[in-house]
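What follows is a set of notes on a single structure, which appears directly below.
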Amino acid sequence: MQFPPAPPASPAARPLPGALGAVCARHPLWVIAAWLVLLLGAVLGRHAVGPAYRGETSLPSTRSRTGADPLAVHAPGVGNPSGRVVFHVDSGTVAGHRRGLDESLAALAELPHVTATSKPVTSADGRTACTTVSFDRQVKTLGHAYRGSLGEATAPARAAGVRVAYGGDLDEVVREPANDKASETVGVTAALVILVLAFGSVAAALLPLVTAQISIAVGLGVVGIVAGVVTLATAAPAPATMIGLGVGIDYALFLTTRFRQDLMDGHDPVDAAARTSATSGRAVVVAVTVALAMLSLYAGGIGFRTSRGAGARTGYRAVLG
């Protein structure tokens, strides 16, 4: 014997998540408009505030910091950030190209933010020489545009037939930046293929992706607004994007699957949305505890971890809506 589906519960009998889902299902255009306004406000707010992210990391009250502070007072420049410039010739010795080498060393010493250059240390065979360049700020904060200045400074050595390479912290300056957009595109494309195979419908597969992208955009906008008021590390947007994309697709898939099942069970769309919000939606809301747990990163007192937690928590909260 097959029992008919249960009649939909009255709005008064529904719990708050279910009632909210029913209201959203009855007024879809208003809900979409509200999210678009929220998205526009987050984006415009971010541009208006002008976020300033900081790449430097401080570790107060640690043993290394306790030793570095008096060193900075009594021997300024000793503990400064530094990088290495390596000169190499395939045949002969570096000393045979002394003029080009000396001109490059002098040009390196005159670069912006350079505080000192050490005397080159030559290898046993004389084919390789290495000099240490000290800076007055973290080298990675100089940006990739600093590569041009390094190239101009070492041009005399290269013109003399000496090969030049960079090591230490200078590697972060000369190395090509990672293409995060390409990796995100690959991830989204893979997710789309999996969702199409799972749902058997392109429209159903696109829904979790679209909602996740909107949530990420809102989250990044909020992170930018926060970064305009307090100091956040340059790494803060990365966890917001990563967690927002993963959690957004996951929870949207969770809700969409339950909603489709209720439709196949004979419920009308409004009742199916209410039932989904009252069951699967309630479980998703409980996941806000993860965002609250990220507050524990503040207890460590380490700046970059705190910023990562702030970015991740903001992205998580945006996804939960």
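Kindly indicate which of E172, E184, E152, E176 is of a type in the set (D, E) and modelled with pLDDT of 85 or more.
E152
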Item to check | Selection from the stretch 251-299 of residues that are of a type in the set (S, T, N, Q), at pLDDT 75 or above and part of a helix (DSSP H, G or I) | outcome: T256, T257, Q261, T276, S277, S280
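From the set of residues in the stretch 242-276 that are small (G, A, S) and either more than 12 Å from A22 (Cβ to Cβ) or touching a Phe, Trp or Tyr at 6+ places or on another chain (Cβ under 7 Å) (or both), which is surrounded by the most Cβ atoms within 10 Å (Cβ to Cβ)? Show your work before the answer.
Quick first cut of the stretch 242-276, residues small (G, A, S) only: 244, 246, 248, 252, 266, 272-274.
Filter again for either more than 12 Å from A22 (Cβ to Cβ) or touching a Phe, Trp or Tyr at 6+ places or on another chain (Cβ under 7 Å) (or both), leaving 244, 246, 248, 252, 266, 272-273.
Numbers: G244: 29, G246: 15, G248: 26, A252: 20, G266: 11, A272: 23, A273: 26.
The extreme case among them is G244.
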Checklist entry - Just checking, how many residues over the stretch 112-150 are among the small types (G, A, S) and touching a strand residue (DSSP E or B) at 6+ places or on another chain (Cβ under 6 Å)? => result 4
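Suppose we filter V133, V73, V78, V86 for residues that are part of a loop (DSSP other than H, G, I, E, B) and either modelled with pLDDT under 85 or within 18 Å of D171 (Cα to Cα) (or both); which single one remains?
Numbers: V133 fails: part of a loop (DSSP other than H, G, I, E, B); V73 fails: part of a loop (DSSP other than H, G, I, E, B); V86 fails: part of a loop (DSSP other than H, G, I, E, B).
Testing whether each residue is part of a loop (DSSP other than H, G, I, E, B) and either modelled with pLDDT under 85 or within 18 Å of D171 (Cα to Cα) (or both) leaves just V78.
I want to confirm something. Restricting to the stretch 136-184 and keeping residues that are among the basic types (K, R) and in a helix (DSSP H, G or I), which single residue is nearest to the chain's Cα centre (by Cα)? If you could, list the steps in order and put the result at the bottom.
The initial filter retains those residues of the stretch 136-184 that are among the basic types (K, R), namely 137, 140, 147, 158, 163, 175, 181.
Applying the additional criterion that residues be in a helix (DSSP H, G or I) yields 140, 147, 158, 181.
Values: K140: 16, R147: 23, R158: 37, K181: 11 Å.
Of everything passing the filter in the stretch 136-184, K181 is nearest to the chain's Cα centre (by Cα).
Sort through S277, S201 and tell me the only one that's more than 30 Å from D136 (Cα to Cα) and touching a Pro at 6+ places or on another chain (Cβ under 9 Å). Walk me through it before giving the result.
Working: S201 fails: touching a Pro at 6+ places or on another chain (Cβ under 9 Å).
Result: S277 is the single residue among S277, S201 that is more than 30 Å from D136 (Cα to Cα) and touching a Pro at 6+ places or on another chain (Cβ under 9 Å).
Which of the residues spanning the stretch 204-225 are in contact with a Ser or Thr (Cβ under 8 Å, 6 or more places away or on another chain) and either at pLDDT 80 or above or not in a helix (DSSP H, G or I) (or both)?
Just the residues of the stretch 204-225 that are in contact with a Ser or Thr (Cβ under 8 Å, 6 or more places away or on another chain), to begin with: 204, 207-208, 216, 219-220, 222-223.
Within the stretch 204-225, L207, P208, I216, G219, L220, V222, V223 meet the criteria.
The values are calculated or read from the model by the stated rules, or taken from the named source; none is laboratory data. Remember, it's a predicted structure, so these values are computed and weren't measured experimentally. Counting neighbours? That spans all protein chains shown, and the Cβs are built from the backbone with ideal geometry, glycine included.
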